[in-house]
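None of the figures in this text is laboratory data; all of them are computed from the coordinates on show. These numbers were taken from a predicted model, which means no experiment stands behind them. All Cβ positions, even for glycine, are placed from backbone atoms using ideal geometry, and neighbour counts span all protein chains on display.
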Amino acid sequence: MSATVLTGTPLSGRVAVVSGASSGMGAATAERLATLGATVILLARRKDKLDQIVTRIKATGGTAHAITVDVTDRDAVKAAAQQVTDTYGHADLVFNNAGVQLISGIEELKTDDWQRQIDLNITGLMNVIAAFLPHLTTNAAQGRPADLINTSSIAATRILEKFSVYSATKAYISHLTRLLRVELGPKMIRVTTIEPGMVDTELPDHVTDPDATKLMADLIHDIDVLQPEDIAETVAFIATAPRHVNLTEITILPTAQAI
């Protein structure tokens, strides 16, 4: 995909919240949504990274605001949502993207890594939903667009050795999104899950298992993997579709990726 697929400001007047916005897919998506006219709220823990992205967005005429928050802290996320309401009104586009990937064999019993993935990939995702679903519900009831887009992974369905806990957290996200749509679709809230394949982000940098590290390094070396901008363009396409159109599940792979 190319960033020239969508032009103009089709998201003008919309308020977009992006979690995990300090790097990778989150940062690229925040920047892309801003170029399409959205006011973008960036959520992440690393204030310095967020400030750099906000500066870039503003330098190109966009509107953005950073809120430093750990999405695993429910009260902090609720406070962030209230700050958005007080400053910009209700958010109508939520890219629920924060996550971490820590790969290990189950018999290694890296329980701290297990818990970190559960805390961020599942609990953090649920905290964002709890904080911003009232925003989406209000917008939908007023006849405005309302989008909840969750980041999953092809690991949700692929059977990969040593990916057990990470893959399980992503399977949770994919199935949760299907179930949410049953409740929220009739209220005109669009719910989508994006399941990317190999994306060239810093996520693999967290992986210390040598087998998983080699798998990812080989993919990056051997094929033309996805870039964060490809995911950003996908999010933009979802958000700019007509209100009655819900792209519910999108798997996006590098053309040459076979696993």
#### Entry: Positions within the stretch 19-77 being charged (D, E, K, R) and part of a loop (DSSP other than H, G, I, E, B), in sequence order
ARG45, ARG46, ASP70, ASP73
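Please verify whether ILE41 is in contact with a His (Cβ under 6 Å, 6 or more places away or on another chain) and closer than 24 Å to HIS135 by Cα, treating the condition exactly as stated. Outline the logic, then answer.
Values: in contact with a His (Cβ under 6 Å, 6 or more places away or on another chain): yes; closer than 24 Å to HIS135 by Cα: yes.
When the stated conditions are applied, ILE41 passes them.
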### Summary
With the first residue restricted to the stretch 128-148 and required to be of a type in the set (Phe, Trp, Tyr), and the second required to be surrounded by 24 or more Cβ atoms within 10 Å (Cβ to Cβ), Cβ contacts under 7 Å at 6 or more apart or on different chains are PHE132/VAL17; PHE132/ALA81; PHE132/ALA91; PHE132/VAL94
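Would you check if THR55 is of a type in the set (S, T, N, Q), within 16 Å of ALA16 (Cα to Cα) and out of contact with any His (no Cβ under 9 Å at 6 or more places or on another chain)?
So THR55 fails the test.
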### Query
Are any residues in the stretch 110-153 charged (D, E, K, R) and either in a helix (DSSP H, G or I) or within 24 Å of VAL245 (Cα to Cα) (or both), and if so, which ones?
ASP112, ASP113, ARG116, ASP119, ARG144, ASP147
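Matching residues to (1) of a type in the set (A, V, I, L, M, F, W, C); (2) surrounded by fewer than 14 Cβ atoms within 10 Å (Cβ to Cβ); (3) farther than 29 Å from ARG243 by Cβ:
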position: GLY13; (1), (2), (3): no, yes, no
position: SER23; (1), (2), (3): no, no, yes
position: GLY26; (1), (2), (3): no, no, no
position: GLU31; (1), (2), (3): no, no, no
position: THR35; (1), (2), (3): no, no, no
position: LYS47; (1), (2), (3): no, yes, yes
position: GLY61; (1), (2), (3): no, yes, no
position: ARG74; (1), (2), (3): no, no, yes
position: VAL77; (1), (2), (3): yes, no, no
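State whether the residues of the stretch 233-242 include one that is under 17 Å from ALA155 (Cβ atoms) and exposed (fewer than 14 other Cβ atoms within 10 Å of the Cβ).
Filtering the stretch 233-242 down to residues under 17 Å from ALA155 (Cβ atoms) leaves none.
Checked against the condition, which is being under 17 Å from ALA155 (Cβ atoms) and exposed (fewer than 14 other Cβ atoms within 10 Å of the Cβ), the stretch 233-242 yields no hits at all.
Would you mind finding the one in THR192, THR177 that is farther than 20 Å from ILE220 by Cα, of a type in the set (S, T, N, Q) and free of Cβ contacts under 8 Å to residues at least 60 places away in the same chain? It would help to see each step written out before you state the result.
On the way: THR177 fails: free of Cβ contacts under 8 Å to residues at least 60 places away in the same chain.
Sole residue among the options that is farther than 20 Å from ILE220 by Cα, of a type in the set (S, T, N, Q) and free of Cβ contacts under 8 Å to residues at least 60 places away in the same chain: THR192.
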### Query
Taking ARG56, is it surrounded by fewer than 20 Cβ atoms within 10 Å (Cβ to Cβ), within 19 Å of ILE129 (Cβ to Cβ) and over 17 Å from the mean Cα position of the chain (by Cα)?
no
